[in-house]
1. Just want the ordering: 112, 9, from fewest to most Cβ atoms lying within 10 Å of their own Cβ.
2. May I ask which residue of 102, 13, 32 lies farthest towards the positive end of the charge dipole of the chain, with charges of +1 (Lys, Arg) and -1 (Asp, Glu) on Cβ and the Cα centre as origin?
3. Using the crude model of +1 on Lys and Arg Cβ and -1 on Asp and Glu Cβ, and no other charge, please compute the dipole size for the chain relative to its Cα centre, in debye to 20.
4. Enumerate the calculated ³J(HN,Hα) couplings along the stretch 60-77 in order (Karplus 6.51 cos²θ - 1.76 cosθ + 1.60, θ = phi - 60°), each rounded to whole Hz, writing x wherever the residue is Gly or Pro.
5. Only Cα pairs under 8 Å and at least 6 apart count here; give the relative contact order of the chain as a rounded whole percent.
6. By what distance, in whole Å, do the Cα atoms of the chain stretch along each of the three principal axes, largest value first?
7. Within a Cβ distance under 15 Å of residue 89, other residues only, what is the Lys/Arg minus Asp/Glu net charge?
8. Can you list residues whose amide H is under 5 Å from residue 5's amide H, if they're 5+ apart or on another chain and H is modeled 1.01 Å from N?
Amino acid sequence: MERQTTPNSTLILVLGILSIITCCCYGVPGLILGIVALVLANKAKQTYVANPELYTGYGNVKTGKILAIIGIVINAIFLLLIIGYFAIYGIEGYYEMQEEIMREMERQNANS
């Protein structure tokens, strides 16, 4: 019998990578992607463990699961920081901080 790729192994890997990359988007998309990757990885692991001789590509599943866990942790921390910042300074303080960062970047570009 011919061996097949573990179900969703490539998708799990891609979602794990995207969960880390999207941590800059206030933590929400990356958190969702990480959780989806983790759920799919657990299902793929159950499928692989039931018949390991039928499947290949389990390394992608393990790597995707590790990346998803890292992405979930990073995004959860970032989301908590954003919530804490809003709780302390409010939305006006956040906008002021962004404006100050933009002014500083414009000054740096003007000096370059």
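No lab work stands behind these numbers, since they all come straight from the coordinates. Keep in mind the model is a prediction, meaning the values are calculated, not measured. Neighbour counts are summed over all protein chains in view; Cβ atoms, including those assigned to glycine, are modelled from backbone coordinates with ideal geometry.
1. Least crowded to most crowded, the residues run 112, 9.
2. 13
3. So the dipole magnitude of the chain works out to roughly 660 debye.
4. 4, 5, 5, 5, x, 5, 5, 5, 5, 5, 4, x, 5, 5, 4, 5, 5, 5
5. Computed over the chain, the figure is 34 percent.
6. Reported extents, whole Å, longest axis first: 65, 36, 13.
7. Summing Lys and Arg as +1 and Asp and Glu as -1 gives -4.
8. So residue 5 has HN proximity to 56.
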